[in-house]
Amino acid sequence: MTDPRSARSSTAQASAPFSADTTTAVVRYQVRDLDRAVAFYTQHLGFKIVQHSGPVAIVSRGDLHLLFSGPGSSGSRPLPDGRRQEPGGWNRIVLYVENLDPTIAALKAATARFRNDVEVGPGGRQIQFDDPDGNPIELHEAPRS
C-alpha cells in the first residue's frame, strides 16, 4: 500500500475536492492522530488518499469519502457550550467485503478492537470494530447464493 507520508507531498497541493461539488457527500470523523488514521484506512481497508494537508485528510473508497479532522482543524474545535468533538459513537460507515473471515483475521492481526461477534441474518454477515481513534466501522458480507 502507499505510505501516507509520501503521498502527503503530492496531494497537499490539491485544492479541496468538494468545494464546488454540491452533489458529493462526505463523512467527517474526528481523529486524535491524523497520520495514524490515514495509514489505517489505506493499509487495512482499501481507501485511497484524496488530500492530506495540515490537520485534515480526505480518503476515499469508491463513492465514500471520509474527511478526517485532526487536532487543530476547524472541524474539531470545541462547540460553543464547551463540549469537545471526539471520536466514537454508534453511527458508522458500512464497508462491504467479499469474504468477512480473512478481513477479520487481518484486522485482528493489526490489533483492531471489535465491538461484537459476527452477526448473521437474512441480509448476510456483519461485525463492528473501532478504528484506532474509536470511530465505529461495520464490515458486511452479503449472503452467499
**Message:** Could you report the accessible area of residue 94 in Å², rounded to 10, computed with a 1.4 Å probe on the protein chains as they sit in the structure?
**Reply:** 60
**Message:** With θ taken as phi - 60° and the coefficients 6.51, -1.76 and 1.60, list the Karplus ³J(HN,Hα) couplings across the range 97-111 in order, rounded to whole Hz; mark glycine and proline as x.
**Reply:** 10, 6, 9, 5, 4, x, 5, 4, 4, 5, 5, 5, 5, 8, 6
**Item:** GluC sites (Glu not before Pro) restricted to DSSP loop in the range 72-145 with at most 10 other C-beta within 10 Å
**Value:** 98
**Request:** For 65, 52, 44, write out the residues from largest to smallest accessible area, computed with a 1.4 angstrom probe and no ligands counted.
**Result:** 44, 65, 52
**Item:** Rounded D (µm²/s) - the range 52-112, Kirkwood Rh over Cα pairs, Stokes-Einstein at 10 °C, 1.306 mPa s
**Value:** 110
**Request:** Please give the contour-minus-distance gain from residue 108 to residue 142: 0.36 nm per residue of separation, less the Cα-Cα distance, rounded to one decimal in nm.
**Result:** 10.1 nm
**Message:** Within the range 61-145, what whole-number % of the accessible surface is contributed by carbon and sulfur, with the 1.4 Å probe and all protein chains included in the calculation?
**Reply:** 49
**Complete:** Per 5 angstrom bin, beginning at 0 and ending with the bin that holds the maximum distance, the Cα pairs of the range 73-145 fall in percents of 3, 14, 22, 21, 13, 9, 8, 6, 3, 1, 0
**Message:** Below 8 Å between Cα atoms, with a sequence gap of 6+, how large is the relative contact order for the range 14-112 in percent?
**Reply:** 24
**Integer Hz, Karplus 6.51/-1.76/1.60 couplings in order for the range 33-41, x for Gly and Pro** = 9, 4, 5, 5, 5, 4, 4, 4, 5
**Fill in**
In whole angstrom, the spacing between the Cα centers of the range 54-96 and the range 115-145 equals 21
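The values are calculated or read from the model by the stated rules, or taken from the named source; none is laboratory data. Just so you know, these numbers come straight off a predicted model, no measurement behind them. We place every Cβ from the backbone using ideal geometry, glycine too, and count neighbours over all the protein chains shown. Heavy atoms of the whole protein, side chains included, go into the accessibility calculation; ligands, DNA and RNA do not. Shrake-Rupley method; radii C 1.70, N 1.55, O 1.52, S 1.80 Å.
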